[in-house]
Amino acid sequence: MSDRLPGFSTLAVHAGAQPDPTTGARATPIYQTTSFVFNDADHAASLFGLQAFGNIYTRIGNPTNAVLEERVAALEGGTAALAVASGHAAQVVVLQQLLQPGDEFIAARKLYGGSINQFTHAFKSFGWNVVWADPDDIASFERAVTPRTKAIFIESIANPAGSITDIEAISTVARKAGVPLIVDNTLASPYLIRPIDHGADIVVHSLTKFLGGHGNSLGGIIVDAGTFDWSTGGKYPMLSEPRPEYHGIRLQETFGNFAFAIACRVLGLRDLGPALSPFNAFMILTGIETLPLRMQKHCDNAKAVAEFLAGHPAVASVNYAGLPSDKYHQLARKYAPKGAGAVFTFSLKGGYDAGVNLVSKLQLFSHLANVGDTRSLVIHPASTTHSQLDDAAKIKSGAGPDVVRLSVGIEDKEDLIADLEQALGA
Amino acid sequence: MNHDAYPDNYIRGILNSVKSIAMVGASPVNVRPSYFAFKYLAQRGYDMIPVNPGHVGKDLLGKPFVASLSDIGRPIDMVDIFRNSSHILPVVEEVLTLDPLPKVIWMQLGARDDAAAAKAESVGIKVVMNRCPKIEYGRLSSEISWMGVNSRTLSSKRAPAPTQGMRLSLNRMSVGGGDTAASDRAAKNKSEQS
Ligand SMILES: Cc1ncc(COP(=O)(O)O)c(C=O)c1O
């Protein structure tokens, strides 16, 4: 038994999964059941009291989901993970462990639009106050820190424009402030960036995107890096104080460096309820087995498409960190040397009408509101997701009338370029 | 031994070889971590002895409490110390008076005393600090995977279906020793600060 570190692709196939003990099934079975029998009353009591490892009820844990959790924890280099129903659910569960009403968290201004909505409106009604900072100006994070700050939230590669965030610089701010850094790693996936290696304390994903990878299943996950000391100063009572829900257990003391993942499960998922269907977990696990192959192809295709667009006369500009001329190219070389992801924006000289025209003429690219599918996807934010905003607000959020967002799939790049060429041409 | 990151083989060797474990600071309160660990290790077949002078005359899951290690009256393989770092040294000194000496001194999650560890190691006792034997057993057997924990082991073998009271195989392929690199670094920084 040597302690040998297997590579990423080996972990993507094997981590968390072993042949089923009862049947020998080699693929991970779908344990499509709500509940699990107890051996006897003492076993039941041990499970409910968190004294034994095992299954109770699928809202708290499920064997199929557990394989997915260990798989993603291994790929991210974390101590443990918790799978939930969606990326958004992951964000709620994480912040519920960290914030009390009246507390604040700092979030990068460049985020998925849905997260901006969630933070601005839904979380405000819980009394969790977001304070925005600019990921291109690290000092703006420092200025935003107050005694009520409980966390910092950023995206590794930011949706929609594919910009790269300086995770290490922001993790230094978080450490100084004594708060955990949460990184949404959805657009990079651990194949391109492992935020924990750069100082993240918690990683969240929408599994709906590249990890599942096939556009067929919603899911989300929380990865505990095992790096944050929750015991100091009573700042994180969900972790450091005796929990009345569990007869006075202190989670950090009992579970050590995976206490945060346990808190998310037994205080978050158990009580808020956004459980992932075991069927979705199975679909996402199957997707993850090919993550390294798919992600490389996504990136290689995206680079080819970005280069084509940058040379096209109808295109005003391309924002893709994989291009040497891009503002974020140096950060991309540092954080994502294998590729700068597959989601990026470009703008058209013909403005709003040209955007609408392009989307309507594309034959292979699908016009829809998602990213990270095997299929290539396109959206014109100004006429869809951002259509409620006035022009000034559209431009500020990176969704000006001339902006088009692509999520480049794993088809043959020649076909993708040909599709864009015909749609841009006439 | 590098106490910042234990190779899995070190932990595996200990958990595979010891049979009797005296738990110093064992608590009868069923939400205390020592109770969790005591119950789990007893269920997995270890011969558990609770040591706590405050509870002599009572028993823990059917095992009578003893006041001190010297009251056990028979050889023991491992002493598992559930005390804060500042209370470790006297316990280790007491261990060093036992005859025969135990093979292993284990200090619980959060507990670490490098000077005490060096004393024990100088007489050939293996030392583990700032780890929980329940968590390590669950991790190396992958039983802990039910809770989404990264066991950092892989196996393509079909394991027997676990039942209560069964010893589990700890001989899976390890994915890098000790904890994850990031959590090891964090623990090291913390112990250097304190
Ligand atoms: C970066 C990012 N984070 C989070 C989410 C939300 O994920 P979900 O739709 O699975 O709730 C998305 C979805 O588009 C996203 O792109």
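The values are calculated or read from the model by the stated rules, or taken from the named source; none is laboratory data. Just so it is clear, the model here is predicted, and its values are computed rather than measured. With ideal geometry, Cβ positions are generated from the backbone for all residues, glycine too; neighbour counts draw on all protein chains shown. Heavy atoms of the whole protein, side chains included, go into the accessibility calculation; ligands, DNA and RNA do not. Shrake-Rupley method; radii C 1.70, N 1.55, O 1.52, S 1.80 Å.
A few comments on the model shown:
- For chain B, share of DSSP beta bridges that run antiparallel, in % to the nearest 5: 20 percent
- Charge dipole of the protein assembly as shown about the Cα centre (unit charges at C-beta), most positive-ward option of A:Tyr246, A:Phe365, A:Pro180: A:Tyr246
- Across peptide A:44-53, the average count of Cβ atoms from other chains found within 10 Å of a residue's Cβ is 5.
- Close amide H contacts of A:Trp132 (hydrogens built in the peptide plane, cut-off under 5 Å, sequence separation of 5 or more or a different chain): A:Ala107.
- Helix-only mean residue ellipticity at 222 nm for chain A, each DSSP H run of n ≥ 4 adding -39500 (n - 2.57), per residue, nearest 500: -10000 deg cm²/dmol
- Electrostatic tally near A:Val93: other residues with Cβ closer than 11 Å to its Cβ, Lys and Arg +1, Asp and Glu -1, net +1.
- Relative to one another, the C-alpha centroids of the stretch A:404-426 and the stretch A:344-384 are positioned 10 Å apart.
- Residues B:Arg74 and A:Arg148, FRET efficiency given R0 of 60 Å [Cβ-Cβ distance, rounded to 0.05]: 0.60
- Euclidean distance of C-alpha centroids, the stretch B:110-156 and the stretch B:75-91, integer Å: 15 Å
- Projecting the Cα atoms of A:His380, A:His312, A:Gln330 onto the charge dipole of the stretch A:292-425, computed from C-beta unit charges around the Cα centre, puts A:Gln330 farthest toward the positive end.
- Total formal charge among the other residues, if their Cβ is under 15 angstrom from that of A:Asn159, Lys/Arg +1 and Asp/Glu -1: +1
- Per-residue accessible area (protein heavy atoms, 1.4 Å probe) orders A:Leu218, A:Leu331, A:Leu187 as A:Leu218, A:Leu331, A:Leu187, starting from the largest.
- Antiparallel DSSP beta bridges within the stretch A:8-287, as percent of all bridges there, nearest 5: 50 percent
- The charge dipole of the stretch A:292-425, taken about its Cα centre with unit charges on the Cβ atoms of Lys, Arg (+1), Asp and Glu (-1) only, comes to about 540 debye.
- The C-alpha atoms of chain A define a longest principal axis, and helix A:291-310 lies at about 20 degrees to it.
- Reachable lysines from A:Lys303, criterion Cα separation under 30 angstrom, eight or more residues apart if same chain: A:Lys110, A:Lys209, A:Lys327, A:Lys334, A:Lys338, A:Lys349, A:Lys361, A:Lys394, A:Lys396, A:Lys413
- Each of B:Lys157, B:Lys119 has its accessible area taken with a 1.4 Å probe; listed largest first, they run B:Lys157, B:Lys119.
- The stretch A:109-135-the stretch A:211-283 distance, computed between alpha-carbon centres (Å): 21 Å
- Length-normalised contact order for chain A - Cα pairs under 8 Å, 6+ apart - percent: 16 percent
- Sulfur and carbon atoms: percent of accessible area, the stretch A:292-425 [1.4 Å]: 54 percent
- Accessible surface for B:Trp146 stands near 90 Å², nearest 10, in the context of the full protein assembly shown (1.4 Å probe).
- The relative contact order of the stretch A:17-109 comes to 18 percent, based on Cα pairs under 8 Å that sit 6 or more residues apart.
- Cβ neighbours within 10 Å from other chains - mean over B:185-191: 3
- Taking label points 7 Å from Cα along the Cα-to-Cβ direction, A:Lys327 and A:Arg375 give a separation of 3.2 nm.
- A:Val13/A:Asp197 FRET efficiency (R0 30 Å; Cβ-Cβ; nearest 0.05): 0.90
- Summed over both chains, the accessible area lost when B and A associate is about 4400 Å², using a 1.4 Å probe.
- Among the protein heavy atoms, those of A:His14 account for about 60 Å² of accessible surface (1.4 Å probe, every chain in place).
- With the simple model of a label 7 Å out from the Cα in the direction of the Cβ, B:Ala67 to A:Asp391 spans 8.9 nm.
- For A:Tyr352, the solvent-accessible surface computed with a 1.4 Å probe is close to 100 Å², ligands and nucleic acids excluded.
- Around the amide H of B:Leu60, modelled in the peptide plane, lie the amide H atoms of B:Phe65, all under 5 Å away and 5 or more residues distant in sequence or on another chain.
- Helix A:167-177 and the long axis of chain A differ in direction by around 50°, with both axes built from C-alpha atoms.
- Which of A:Arg109, B:Arg44 is most accessible, then next, and so on - probe 1.4 Å: A:Arg109, B:Arg44
- Rounded to 10°, Cα long-axis angle of helix A:351-361 versus longest principal axis of chain A: 80 degrees
- Electrostatic tally near B:Asp71: other residues with Cβ closer than 15 Å to its Cβ, Lys and Arg +1, Asp and Glu -1, net 0.
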